[in-house]
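This report refers to the structure that appears directly beneath it.
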Amino acid sequence: VRAGKWDRTLVGAEIAHKTLGIVGFGTIGRIASTRGLGLRMVVIAYDPFVAPEIYAEYGVESVSLDDLVSRADYITLHCPLIEKTKNLIGAAQFAKMKKGARIINCARGGLIDEKALYDALKSGQCAGAALDVYENEPPAGSPLLELENIVFTPHLGASTSEAQVAVSVEIARQAVLFLRTGEAVNALNLPRVSAEELNKSHDFMNLATKLGKILAGLANQPITKIEVALYGKAADAAVRPVSVAALIGVLSGQVSAPVNRVNAENIAKRQGIALVESVSQDSPDYVSLIQVTAHCADQSISLSGALLGGRQPRLVCINHFDIEVVPEGTLIVTRHDDRPGVISQISSVLGNANINITRMQVSTVDVKDQAMAVISVSEPVSDAIMQQICNLTPVCNAKQISL
């Protein structure tokens with residue numbers, strides 16, 4: 001128009017009644033959902049760490065990642081960049097997308113495989129992209145810069161004059177709240193109990209964090225409730241720091257914000273995870289015992305841990321399998337048929353991949369003809385190797401957990 005042209009042949013695309021797919025349903029993802037619903041879009045979301053009640057509260061359908069990329073007309077990313085989410089959207093996901101879908105990443109560079117994005121945009125499989133973040137910033141020399149169907153901004157998604165004022169006001173508000181009530185909102189590493197209680201609970205807290213991380217690795221569904229129970233001498237410790245330590249283990253690496261003793265309960269509540277605590281002086285098998293149980297929609301996973309010699313953490317039970325495990329490094333946990341030769345098959349897969357087994361514990365449950373193995377390995381195992389283990393006929397499932 002500035003050039004004196006009046007070209008009315010240009011045609012855009014409506015977003016009403018289109019499907020918005022949100023990858024990562026934390027605070028920003030939920031805000032994005034309200035915007036999409038306000039524009040009369042159908043909103044679906046993928047986040048394996050959010051309880052079903054949260055999706056229902058926002059009127060959003062929870063789906064798998066594959067379902068999301070195949071149904072969405074617009075995909076927007078709002079998740080942290082961690083090991084599990086690096087290149088979360090790659091060639092396989094672009095191939096499953098609707099032809100002509102569009103993708104937006106204002107979260108973290110590295111969530112999208114940029115080579116796969118280039119190929120999808122070049123072929124027309126992906127109609128357009130908008131990026132505020134990149135694998136390398138600035139993206140000098142990136143092939144993406146050659147394309148016309150992509151919009152770039154220099155990592156300034158939160159750079160508004162209003163945001164700068166809001167941050168200043170929020171800092172002042174939190175300082176006033178602390179001075180008036182003692183409540184420290186978003187404080188880091190601020191004990192809520194006395195130094196003496198923290199010292200007494202320290203080793204149990206360390207054990208609970210490890211149990212929480214293992215629980216997060218074993219759970220196949222969003223966790224809706226965590227139960228923490230202290231038995232025997234462990235019941236003499238303050239239960240809340242131990243419970244919060246378990247939450248830290250469950251949540252660390254699953255949300256974008258660092259998780260600590262101060263914010264763990266609030267983050268758990270936001271994710272729809274309830275916390276239940278109990279203590280008992282009775283502990284028939286161990287002097288001190290911690291039990292952490294995760295409840296999901298249709299499964300529960302219970303872990304028990306003890307301190308050998310009062311200080312050395314051990315995982316001693318997974319559900320009904322009694323098994324003594326040193327909770328450190330990289331663990332591979334398998335459920336398999338209780339029959340000869342299974343362990344040698346698993347060992348062969350790891351040996352052929354030049355992966356050293358440092359420890360191995362096996363437990364059986366006679367009534368179900370099932371066994372469990374917990375294998376400590378010298379280094380993390382690739383997805384391809386884990387798939388080989390899962391493909392073994394006697395193996396029901398296998399999980400890799402990094403502590």
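What the table below lists for this structure:
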| quantity | calculated |
| --- | --- |
| Some residue of the range 284-296 being among the charged types (D, E, K, R), more than 25 Å from the chain's Cα centre (by Cα), surrounded by 13 or more Cβ atoms within 10 Å (Cβ to Cβ) and not in a strand (DSSP E or B) | no |
| Subset of the range 224-278 (residues that are surrounded by 17 or more Cβ atoms within 10 Å (Cβ to Cβ), among the aliphatic types (A, V, I, L, M) and in a strand (DSSP E or B)) | Ile226, Val228, Ala229, Leu230, Leu275 |
| Test set (1) among the charged types (D, E, K, R); (2) outside the structural domain of Lys98 (by TED's automatic domain parsing); (3) closer than 17 Å to Ile103 by Cα - Lys5 fails condition number | (3) |
| The one condition in (1) assigned by TED's automatic domain parsing to the domain that holds Val69; (2) among the polar types (S, T, N, Q); (3) not in a loop (DSSP other than H, G, I, E, B) that Asn136 fails to fulfil | (3) |
| Subset of the range 299-313 that is at pLDDT 90 or above and of a type in the set (A, V, I, L, M) - its residue that is farthest from Ile226 (Cα to Cα) | Leu307 |
| Check on Glu14, of a type in the set (Asp, Glu), assigned to a loop (DSSP other than H, G, I, E, B) and under 30 Å from Leu247 (Cα atoms) | no |
| Residue list for the range 116-128, filter: touching a residue at least 24 places away in the same chain (Cβ under 8 Å) and over 25 Å from the mean Cα position of the chain (by Cα) | Tyr118, Asp119, Ala120, Leu121, Lys122, Gly124, Gln125, Cys126, Ala127, Gly128 |
| Condition check for Leu39: of a type in the set (A, V, I, L, M), out of contact with any Gly (no Cβ under 8 Å at 6 or more places or on another chain) and surrounded by 16 or more Cβ atoms within 10 Å (Cβ to Cβ) | no |
| Subset tally (residues that are in contact with a helix residue (DSSP H, G or I) (Cβ under 7 Å, 6 or more places away or on another chain) and either among the hydroxyl-bearing types (Ser, Thr, Tyr) or surrounded by fewer than 18 Cβ atoms within 10 Å (Cβ to Cβ) (or both)) for the range 323-344 | 1 |
| Boolean, Leu81 is of a type outside the set (Phe, Trp, Tyr) and either farther than 27 Å from Pro258 by Cβ or not in a loop (DSSP other than H, G, I, E, B) (or both) | no |
| Output for the range 334-370, where each listed residue is assigned to a loop (DSSP other than H, G, I, E, B) and farther than 15 Å from Val381 by Cβ | Asp338, Arg339, Pro340, Gly341, Asp369 |
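The values are calculated or read from the model by the stated rules, or taken from the named source; none is laboratory data. Treat the numbers as computed from the prediction; the structure is a model and nothing was measured. Here Cβ is always computed from backbone atoms with ideal geometry, including for glycine, and neighbour counts include all displayed protein chains.
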